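Please read the structure below before turning to the comments.
The values are calculated or read from the model by the stated rules, or taken from the named source; none is laboratory data. Given the structure is predicted, the values throughout are model-derived calculations rather than measurements. All Cβ positions, even for glycine, are placed from backbone atoms using ideal geometry, and neighbour counts span all protein chains on display. Note: areas computed on protein heavy atoms with side chains; ligands, DNA, RNA excluded. Shrake-Rupley method; radii C 1.70, N 1.55, O 1.52, S 1.80 Å.
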Amino acid sequence: MRTPPGRTRPTPAHAEAEARISAFREHVEAGDFPCVGAKAALARDTLDVHAFGPLGSRANDGPLLDRIVRFARRREHDDPEDTTVHSLAAVFDGPGETSETRFEALLWSQLQRLHLLDVRRGSRWAQDVSRDPDDPHFSLSLGGHPFFVIGLHAGASRIARRLPFPVLVFNSHRQFDRLREDGRYAKMQAATRERDMALQGSINPNLADFGTAPETRQYSGRAVEPGWRCPFHVSKPR
């Protein structure tokens, strides 16, 4: 097939990236996928998905942080009365086979490097969340905006988080706060847990309401040990 005039032929890498993006969207769209918030974002075209190189590659750091900060700035200009769910998803070109512990290490290594780059760029920690990753009121701060992160990968024990390639989903913590205030969050959470029970026969044992346990226990999806400590370290701004 000839490429139409004025258009460039997609490279194999670009085609593979688009295929991963489509596969992630199809995963969320599937009838048994439990997260109703992600489904709502997909249905309203507010699920922002971008492709990157292999998780763990330092080449991701700058472009990924750029995307996150732009996403954060848009959320800061949302109408306070708007309860639309927005999410940013980063899909990575591998590794395709990861154990839960390996993926957990890659996730925290990526988030640590994003944070250090964010600090070098002059960002301050979001004032409405804790800086201590073992504090129940912690959320990851990038670009001065707090985020809750969800990881998906091939080796996930949770069916809903199982994909052939790694994905990190960044959700605005302030968005969750607005949903809590109008009562929508509790309804969405209950519906998601009911659907997860139907899919897997159990809910993730690390799930907890914000403020009752560190949310860092939920990021990778692994059922972490009771004494698990988050490997993330917050750097002081220069």
- request: State the number of residues belonging to the range 14-35 that are in contact (Cβ under 8 Å) with a residue 12 or more places away in the chain and more than 15 Å from the chain's Cα centre (by Cα).
  value: 9
- request: Return the only residue of P136, P146 being free of Cβ contacts under 8 Å to residues at least 40 places away in the same chain and closer than 24 Å to R193 by Cβ.
  value: P146
query: Only one of (1) under 25 Å from L65 (Cα atoms); (2) in contact with a helix residue (DSSP H, G or I) (Cβ under 9 Å, 6 or more places away or on another chain); (3) modelled with pLDDT of 95 or more; (4) not hydrophobic (A, V, I, L, M, F, W, C) is not met by G155, so which one is it?
result: (1)
query: Pairs, please: C-beta under 7 Å, at least 6 apart or cross-chain, first residue assigned to a loop (DSSP other than H, G, I, E, B) and in the range 154-170, second among the polar types (S, T, N, Q) and open to solvent by 30 Å² or more (accessible area, probe 1.4 Å)?
result: G155/S99; R158/Q200
- line: Among (1) under 21 Å from E100 (Cα atoms); (2) at pLDDT 85 or above, N206 falls short only on (2)
query: Residue check: is D66 exposed (fewer than 15 other Cβ atoms within 10 Å of the Cβ) and modelled with pLDDT under 95?
result: no
- line: Of the listed residues (S130, S99, S123, S109), the one being among the small types (G, A, S) and under 15 Å from L168 (Cα atoms) is S109
Residue satisfying all of: in the range 76-113; surrounded by 20 or more Cβ atoms within 10 Å (Cβ to Cβ) and of a type in the set (V, I, T); modelled with the highest pLDDT among these: V91
Subset of the range 114-159 [among the polar types (S, T, N, Q) and open to solvent by 10 Å² or more (accessible area, probe 1.4 Å)]: S123, Q127, S130, S157
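Identify all residues within the range 177-189 that are open to solvent by 60 Å² or more (accessible area, probe 1.4 Å) and either of a type in the set (G, A, S) or under 16 Å from D82 (Cβ atoms) (or both); write none if there are none.
Of everything in the range 177-189, those that are open to solvent by 60 Å² or more (accessible area, probe 1.4 Å) and either of a type in the set (G, A, S) or under 16 Å from D82 (Cβ atoms) (or both) turn out to be R180, E181, D182, R184, A186.
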